[in-house]
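Heads up: the structure comes next, in structure tokens.
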Amino acid sequence: MFARFVARRGYSDLLVNHDFVRFWAAESLSLLGSQISMLALPLIAALSLDASAFEVGVLAAAGQAPIFFFGLFAGAWVERRKRRPILISADLLRGGLLLIIPIAALFDQLSMPLLYAVTLLVGSCSLFFDVSYLSYVPALVGRDRLLEANSKLESTAAGAQVAGPFIGGILVGVMTAPFAMLVDAGSFFLSALYLRKIKRLEPEPEPAAAHESIWSQIGVGLRFVWREPSLRALAGCAAVTNFAGYIFLSMYVLFMLRELDLSSTAIGLVFGVGGVGALIGSLFAERLATRFGTGWTIIGAQLGFGVTGLLVPIAVLVPSVALPLVVAAEFLQWLTLLVFYINAISLRQTITPDAYLGRVNATFTFIARGMIPIGSLVGGALGGVIGLPMTLVVGEIGMFLAVIWLVASPLRDNRPVVTSQPEIAVPVAT
């Protein structure tokens, strides 16, 4: 009955693809919980353990450090295995690890080394989850539905960003930050349950991949990204954005807590405003690409991301209006970032053959998100030397400059994307 209703109304048939809906629900649940912990973890450090700016920066780096150390290995390893079992195992492990934090708080054993260890291990699980997730979507919906599927997935991710920090701020106020982690742990367990309900059979990994050395596979992924001009530009832009962005984000909660004197609930509301912007951006990403072309949409969104971020330096210079300017920057930057991300990830998935998708995703993860721990450590160091406000200024200027990678690439002409690596046949993107 629901299928007939959807067809009659002209809605997307992805809404009656039960396996996609289960996957969508799983991803939404885990993202909702992760938004809570994104707020709760630095608050645990700052409020419960009186952490310094550098210690908070190290905590932010710990969650992303696994990408830097074995992100490339993850892509080659994932290609040798079915993706859904990896997704389920990663969710179960993340849920179990996060339970350690409230248990430790209950027995008065909470410490910064414990937070570092849990965050590091959860980040390791998330690495394998994310690489598998990006490789699993094309098999679940087909390449012709990637932009639509990614738009739907990111719209609920944006919704989680709206609700998660708001709920997290309330939970921290009511339950305290360590016990708010119980909700995040529960979200991962529910996500694993939904993933187990997916019935679509996943194709077996290509036999040839199992006989190829890991290092050879990693090399192919790196060369593929480097030799394809548009992929190279996207990777470079993402690397600069993440490096500068985490100089900013590693100190962002401390800035709002100590410089703007906001409560945990108010900080959650600021992040929630960013989520509203992300939700709007996810709804318009596909339409903008249809109207202006994927290349110009990606460039325009990244430029908008950098320009609107400059509201934060203005806020630092004019403290009397700092809060509304920070809120405006949060809203506008997330709106433009989601337009960029949905189109960039869809383009990447479209032009990369299935046999190389895991390696290419892992290469992007390594290049782009590998900058996150470095940026977080630099942000923590700068926060202690030049102060929190000026650290945010440095981060925003860096994010503004990242668009140079895109302007100097074939994306500016909306040209078809083809590979320059002769041994790999790549379909032309439209």
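The values are calculated or read from the model by the stated rules, or taken from the named source; none is laboratory data. All figures in this text were calculated on a predicted structure; none of them were measured in a lab. Cβ coordinates were reconstructed from backbone atoms using ideal geometry, including for glycine residues, and neighbour counts include every protein chain displayed.
Would you pick out the residues in segment 76-89 that are closer than 27 Å to Leu190 by Cβ and in a helix (DSSP H, G or I)?
Trp77, Val78, Arg83, Arg84, Pro85, Ile86, Leu87, Ile88, Ser89
Would you please list the contacts, defined by Cβ atoms under 9 Å and residues six or more apart or on different chains, that run from a residue in segment 227-250 that is under 22 Å from Trp296 (Cα atoms) to a residue that is basic (Lys, Arg) and outside any helix (DSSP H, G or I)?
Ser230/Arg415
Quick test of your reading of the structure: Tyr136 fulfils all but one of (1) buried (at least 24 other Cβ atoms within 10 Å of the Cβ); (2) farther than 27 Å from Ser250 by Cα; (3) of a type outside the set (Gly, Ala, Ser). Name the failing condition by number.
Here Tyr136 clears every test but (1).
Here are some conditions: (1) touching an Asp or Glu at 6+ places or on another chain (Cβ under 7 Å); (2) outside any helix (DSSP H, G or I). Gln109 meets all but one. Which one does it not meet?
The one condition Gln109 does not meet is (1).
Would you mind listing the helices (runs of 4 or more DSSP H) fully within segment 247-319 where at least 2 residues are within 30 Å of Asp144 (Cβ to Cβ) and aromatic (Phe, Trp, Tyr)?
Helices (runs of 4 or more DSSP H) meeting the threshold: 264-292, 294-309.
With respect to the numbered conditions (1) touching a residue at least 60 places away in the same chain (Cβ under 8 Å); (2) buried (at least 21 other Cβ atoms within 10 Å of the Cβ); (3) within 27 Å of Leu401 (Cβ to Cβ), which one is the sole condition not fulfilled by Ala301?
(1)
Does segment 220-242 contain at least one residue that is at pLDDT 80 or above, in a helix (DSSP H, G or I) and of a type in the set (Asp, Glu)?
No, because not a single residue in segment 220-242 is at pLDDT 80 or above, in a helix (DSSP H, G or I) and of a type in the set (Asp, Glu).
So which of Ala60, Ala90 ends up being at pLDDT 85 or above, buried (at least 24 other Cβ atoms within 10 Å of the Cβ) and in contact with a Phe, Trp or Tyr (Cβ under 7 Å, 6 or more places away or on another chain)?
Criteria check complete, one pass: Ala90.
Quick check: is even one residue across segment 99-117 among the polar types (S, T, N, Q), over 26 Å from Val220 (Cα atoms) and in contact (Cβ under 8 Å) with a residue 24 or more places away in the chain?
yes
Please work out if Thr336 is in contact (Cβ under 8 Å) with a residue 24 or more places away in the chain and farther than 22 Å from Val56 by Cα.
yes
Please work out if Arg84 is of a type in the set (D, E, K, R), under 29 Å from Arg200 (Cβ atoms) and surrounded by fewer than 22 Cβ atoms within 10 Å (Cβ to Cβ).
The answer is yes for Arg84.
For segment 172-186, state whether one or more residues are among the hydrophobic types (A, V, I, L, M, F, W, C), crowded, with 18+ Cβ neighbours inside 10 Å and under 19 Å from the mean Cα position of the chain (by Cα).
Yes.
Give me the pairs: first residue in segment 280-294 and on the phi < 0 side of the Ramachandran plot, second residue modelled with pLDDT under 90 and not in a helix (DSSP H, G or I), beta-carbon distance under 8 Å, and six or more apart or on different chains, which are they?
Taking only residues 6 or more apart or on different chains, the pairs are Thr294/Asn414; Thr294/Ala429.
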